[in-house]
Amino acid sequence: MSEENNQPLISQTAPKAEVRTKQGLQAVWLIPLIALVIGGWLAYKAFSEKGPLISISFSTADGLEAGKTKIKFRDVVVGEVEEILLSESLDGVVVLARMNKAAKPYLTDKTRFWVVRARISAGEVSGLGTLLSGAYIGIDPILDGARTKSFTGLSKQPLVTANVPGQHYMLRTSTLGSLNLGSPIYYRQIKVGEVVDYDFSQSGEAVDVKIFIHAPHHERVNSATRFWNASGIDFKLDSTGIKVDTQSLVSILQGGIAFDMLPSLAAETEVSDNFQFLLHPNREAATKKNYAIKTYYLMYFNQSVRGLVAGAPVEFRGIPIGEVVDYKLVLDTDSQEARIPVLVMIEPERLELWTQGQKVDYRTTLKEKTGSQLRPMQEKLLKHGMRAQLKTGNLLTGQLYVDIDIYPEAEPILVTYEKDYPIFPTVPAPLGQIAEDVSSILKKIDAIPFQELGVNLNETIITLKSTLQEYKKVAGNVNQQVIPHFGQALANINKQILPNLNQTMEDLQDTMAGLKKTVGKDSALNFKTQQILDELTGAIRSIRSVADQLDRNPRALIFGRGESKQ
């Protein structure tokens, strides 16, 4: 009993410890895990929504700033410039820009970029907002083409016509003239389009001008449409008179193109996009029918060709069949003979030739566009009476033209050639021949010493009177009535006829001098006409100077001209 009571009391009451291992994450780690998931999601979202990085090459970074300059399409921001670097060759700059993800499908090799700055021209004012906000990069997004991230920026701002109803056409011309980007396109003096681009042709011998015609006016363009340059003032002074033609003040300052559908016997067909037309220099050239066959002749004239210019018409009984190409003066120092060869171009298709009762078909007769197979018929016409003659087309300006006609009384000739050109026989102009004859007669009349003749005649009459008086004393009463009457007749000749004849010749000389003073080279009419043309040229030059100044310094429209920066 005592042994049981001596045992420890704690061993009977304390429970036995049990060790347990706890599994799973504790609540304290839940917050960092959620933060990690959210951060990963945000990073993924930012990466997935981040647009592509592209590079654009420009010649200069004028007006561009990294982190500030935007890329816009229709005033909507689609990208931003991140960095601007110099190119490896130091001939330009490379702009690294981050585009929006939505713009990725439009990054093709046909997409264009350019810098938008303030631009003031005769036709429009654009980009004035950049005077305060700074320049930005414009984009013309094109879906068609290969995907790329490297672009070359345009040096000039184009006209964006993407998604605009209408159609593009190509015009080919020898020179650009005063045309420029934005030059208007007129249809019956109403603006219906504009020039959107221009460049050299593939051969480099012509200029291709790309135009855009807005809908629905593009439906007026077909295969029979003719385009012509309507820039400036078309001032023409020729044998038919004075002609002045222009479209508008904008076309005078900036240039412009006009078109119209001209009547034609050929069938009119629709044309596709970028169809190429010929751009004629003026409306008159556009209305002319083009002829494939051209023949050349040499004409020799032995009279003055003053008033004859290159381009002067060659007509057959009033119908134009060609034009003057060139002329020069050939002087032989040995024989002192002067010859004036005139080269003319004649389009035989303007003539409806008949031979042996049949009409000549140029399409089947000529295999080459040289007209060589026409020579037998031409030589036959030249041999039997066809002659050329210089005539005055305008009495006011004195301009000449070449008139061709058939003279049955002309002697037959043998056609000769010089430098492979047939020599076209000529006849002197009737007015020129008359003028030469009148001039020769006037010179002969002017050389007559009328005053000396009058003095000699007076002396002769006095002597004759004295002789008659002596004869009267000797002869007595013979012919007493006849001699006084004869003396009286001679006195009347001396007193009335001779003074009147002198006065008539003086009046004729005064008339010729007055005519020369009125229409001559140094006349007031000629001087006033030249003065008006000089003043008109100066006014146009001044307007162009103001437009060029505003184009170079557009800020002058708001801040004034200021001092020019060197």
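Assorted remarks:
- Residue list for the range 56-113, restricted to those being farther than 17 Å from Pro141 by Cα and surrounded by fewer than 12 Cβ atoms within 10 Å (Cβ to Cβ): Thr60, Asp62, Glu65, Gly67, Lys68, Leu86, Glu88, Ser89, Leu90, Asp91
- Residue within the range 90-111 that is in contact (Cβ under 8 Å) with a residue 60 or more places away in the chain, closer than 23 Å to Lys156 by Cβ and aliphatic (A, V, I, L, M) present: no
- Count of the range 165-212 residues, restricted to those that are over 15 Å from Asp273 (Cα atoms), out of contact with any Leu (no Cβ under 9 Å at 6 or more places or on another chain), part of a strand (DSSP E or B) and touching a residue at least 60 places away in the same chain (Cβ under 8 Å), is 4.
- Cβ-Cβ under 8 Å pairs, at least 6 apart or on other chains, the range 402-429 side in contact (Cβ under 8 Å) with a residue 60 or more places away in the chain, far side among the hydroxyl-bearing types (Ser, Thr, Tyr) and in a loop (DSSP other than H, G, I, E, B): Pro422/Thr416; Ile423/Thr416
- Hits in the range 82-108 (condition: outside any strand (DSSP E or B) and under 15 Å from Pro52 (Cα atoms)): Asn100, Lys101, Ala102, Ala103, Lys104, Pro105, Tyr106, Leu107
- Unmet requirement for Pro376, which otherwise passes all of (1) of a type outside the set (A, V, I, L, M, F, W, C); (2) within 23 Å of Pro313 (Cα to Cα); (3) modelled with pLDDT under 75: (2)
- Counted residues, the range 203-225 - those being of a type in the set (Asp, Glu) and within 20 Å of Gly177 (Cβ to Cβ): 2
- Looking only at the range 213-247, and only at residues there that are assigned to a strand (DSSP E or B) and either modelled with pLDDT of 85 or more or in contact with a helix residue (DSSP H, G or I) (Cβ under 6 Å, 6 or more places away or on another chain) (or both), the one that is surrounded by the most Cβ atoms within 10 Å (Cβ to Cβ): Asn229
- The lone exception for Val325 - which of (1) β-branched (Val, Ile, Thr); (2) at pLDDT below 75; (3) farther than 25 Å from Glu409 by Cα it fails: (2)
- Check on Thr148, touching a strand residue (DSSP E or B) at 6+ places or on another chain (Cβ under 7 Å), of a type in the set (S, T, N, Q) and assigned by TED's automatic domain parsing to the domain that holds Gly63: yes
- Test: residue in the range 28-48 that is surrounded by 15 or more Cβ atoms within 10 Å (Cβ to Cβ) and either modelled with pLDDT of 80 or more or not assigned by TED's automatic domain parsing to the domain that holds Ile139 (or both): no
The values are calculated or read from the model by the stated rules, or taken from the named source; none is laboratory data. The model shown is predicted, which means the values in this text are computed figures rather than measured ones. Cβ coordinates were reconstructed from backbone atoms using ideal geometry, including for glycine residues, and neighbour counts include every protein chain displayed.
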